[in-house]
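*Asks:* Input: one structure, supplied below.
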Amino acid sequence: MTLWTTILVASAVVLGTKLLGYLVPASVAAHPRIQRISDVLTVALLASLVVTQTVANGGAIVVDARVAALVVGAVLLRIRAPFIVVVMAAAAVAAALRAMGWAA
Amino acid sequence: MTSSTVRASVSMSLGVAAAVSLYGISFGALAVASGLDFWQTQVLSLFMFSGGSQFAVIGLAATGAPGLSIVTAAGLLGVRNGLYAVRMSAVVGPGFWKRLLAGHWTIDESTAVAIAQTEPRAQRIGFWLTGAAIFVGWNAMTAAGAILGDALGDPRTWGLDAAAAAAFLGLLWPRIQSRQPAAVAAVAAVITVLTVPTAPAGLPVLIAAAAGIVMAILAERRHP
């Protein structure tokens, strides 16, 4: 699959899922079990993506400036900092550590 | 009474939209840093229009994951939108074109703002205003971020790789405030660390998702 094909197919799948929700009878999809499985699925995927983005480098686990940045991000989320502040602070921490040569 | 609940809905919609739109800058910048061009980035914001899935696409594309696992991960992250749609169906009401547009704009934020309102009219306004404002703001900011990102050069120098990690953590955070989802997140994280060195790119995320579904089913058995 080329990158363009991937982007178009993935977009069609995500958009199609939203539209499908307006077609199914509420009694089927609003079932509490379906809701709970969907919640768990979302949490598992996002947690896995956090790890991939933080310590994966190709096929290896690497501890670098991203880990310190994520810790700062977690502290900011803990004190309810706005989303954009969390993201920018993480970038700033990683950039600063690299500029000073303290972390890769 | 009506006007005050409507005012509250409007102000919540615009506040949420402003915050989310701003964050579109980081999506645009990170997308071009991941190797997408300007239009590939913009097409994701225009048509996919779901933050979690969009970040999954660029995050996995950056690791060289095959197209099929990118599509699967983005699709699975989009499942919740389908469930939001079921909840929003009554708020949106009948009419083919109206429901088509509502479907496109059914995301975390438009659903959350609608659900937070008590009156049907305030719910409708909350859903449509949040959806429309985020669609416009998110796409404008994506374009700005993509242009800015192109001009920045090596993304690592600016910590954009770390910003992507923090973005996923920010999406995850509100969902792990009780013990069970926090445990699921921890297990998924450990599985990912263990599978990254051994499994092909893109697969660890799907293995973690499968483990999540198994955990959900086991929990259902214990507490039906």
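*Asks:* Please verify whether B:Trp105 is within 10 Å of chain A (Cβ to nearest Cβ) and at pLDDT 95 or above, treating the condition exactly as stated.
*Replies:* Yes.
*Asks:* Looking at A:Arg80 and the list (1) of a type outside the set (Ser, Thr, Tyr); (2) surrounded by 14 or more Cβ atoms within 10 Å (Cβ to Cβ); (3) part of a loop (DSSP other than H, G, I, E, B), which single condition is not satisfied?
*Replies:* Condition not satisfied by A:Arg80: (2).
*Asks:* A further question on this structure: Scan the stretch A:83-94 for residues that are at pLDDT 90 or above, more than 13 Å from B:Ala165 (Cβ to Cβ) and open to solvent by less than 40 Å² (accessible area, probe 1.4 Å) and report the count.
*Replies:* Residues in the stretch A:83-94 being at pLDDT 90 or above, more than 13 Å from B:Ala165 (Cβ to Cβ) and open to solvent by less than 40 Å² (accessible area, probe 1.4 Å): 0 in total.
*Asks:* Taking interchain pairs and intrachain pairs at least six residues apart, which have beta carbon atoms under 7 angstrom, with the first residue in the stretch B:1-30 and more than 14 Å from B:Leu129 (Cα to Cα) and the second open to solvent by 40 Å² or more (accessible area, probe 1.4 Å) and of a type in the set (D, E, K, R)?
*Replies:* Filtered contacts from the stretch B:1-30: B:Thr2/B:Arg121.
*Asks:* Let me ask another. Test A:Ala99 against the criterion of being open to solvent by 60 Å² or more (accessible area, probe 1.4 Å) and closer than 23 Å to B:Val32 by Cα, and give yes or no.
*Replies:* Against the criterion (open to solvent by 60 Å² or more (accessible area, probe 1.4 Å) and closer than 23 Å to B:Val32 by Cα), A:Ala99 qualifies.
*Asks:* Take B:Ala182 and decide whether it is out of contact with any Cys (no Cβ under 9 Å at 6 or more places or on another chain) and not assigned by TED's automatic domain parsing to the domain that holds B:Ile58.
*Replies:* Working: out of contact with any Cys (no Cβ under 9 Å at 6 or more places or on another chain): yes; not assigned by TED's automatic domain parsing to the domain that holds B:Ile58: yes.
It is true that B:Ala182 is out of contact with any Cys (no Cβ under 9 Å at 6 or more places or on another chain) and not assigned by TED's automatic domain parsing to the domain that holds B:Ile58.
*Asks:* Which residue pairs have Cβ atoms closer than 6 Å, lie 6 or more positions apart in sequence or on different chains, and pair a first residue in the stretch B:190-205 that is more than 8 Å from chain A (Cβ to nearest Cβ) with a second residue that is β-branched (Val, Ile, Thr)?
*Replies:* Pairs that qualify, where the first residue is more than 8 Å from chain A (Cβ to nearest Cβ) and the partner is β-branched (Val, Ile, Thr), are B:Thr195/B:Ile207.
*Asks:* In addition: Only one of (1) modelled with pLDDT of 95 or more; (2) among the aliphatic types (A, V, I, L, M); (3) open to solvent by less than 70 Å² (accessible area, probe 1.4 Å) fails for B:Ala164. Which number is that?
*Replies:* (1)
*Asks:* What about A:Ala44, is it modelled with pLDDT of 90 or more, at the interface with another protein chain (Cβ under 8 Å from one of its Cβ atoms) and open to solvent by less than 70 Å² (accessible area, probe 1.4 Å)? First the steps, then the outcome.
*Replies:* On the way: modelled with pLDDT of 90 or more: yes; at the interface with another protein chain (Cβ under 8 Å from one of its Cβ atoms): yes; open to solvent by less than 70 Å² (accessible area, probe 1.4 Å): yes.
Answer is yes for this residue.
*Asks:* Could you tell me whether the stretch A:18-35 includes any residue that is touching a Ser or Thr at 6+ places or on another chain (Cβ under 6 Å) and in a helix (DSSP H, G or I)?
*Replies:* Just the residues of the stretch A:18-35 that are touching a Ser or Thr at 6+ places or on another chain (Cβ under 6 Å), to begin with: A:18, A:22.
Those left that are additionally in a helix (DSSP H, G or I): A:18.
Among the residues of the stretch A:18-35, at least one is touching a Ser or Thr at 6+ places or on another chain (Cβ under 6 Å) and in a helix (DSSP H, G or I), which makes the answer yes.
*Asks:* Which ones in the stretch B:113-150 are β-branched (Val, Ile, Thr), over 27 Å from B:Val43 (Cβ atoms) and open to solvent by less than 60 Å² (accessible area, probe 1.4 Å)?
*Replies:* Of everything in the stretch B:113-150, just one residue is β-branched (Val, Ile, Thr), over 27 Å from B:Val43 (Cβ atoms) and open to solvent by less than 60 Å² (accessible area, probe 1.4 Å), namely B:Ile125.
*Asks:* Helices (runs of 4 or more DSSP H) wholly in the stretch B:1-119 with at least 2 residues that are under 30 Å from B:Ala211 (Cβ atoms) - which ones?
*Replies:* Filter on the stretch B:1-119 gives B:2-33, B:51-62, B:67-77, B:79-92, B:108-116.
*Asks:* Looking at A:Leu49, is it part of a helix (DSSP H, G or I), at the interface with another protein chain (Cβ under 7 Å from one of its Cβ atoms) and closer than 13 Å to B:Leu76 by Cβ?
*Replies:* Spelling it out, A:Leu49 is indeed part of a helix (DSSP H, G or I), at the interface with another protein chain (Cβ under 7 Å from one of its Cβ atoms) and closer than 13 Å to B:Leu76 by Cβ.
The values are calculated or read from the model by the stated rules, or taken from the named source; none is laboratory data. The shown structure was predicted, so the numbers you read here are calculated from the model rather than taken from an experiment. Every residue, glycine among them, receives a Cβ derived from its backbone with ideal geometry; neighbour counts consider all protein chains shown. Areas reflect the complete protein model, heavy atoms only, side chains present, ligands, DNA and RNA absent. Shrake-Rupley method; radii C 1.70, N 1.55, O 1.52, S 1.80 Å.
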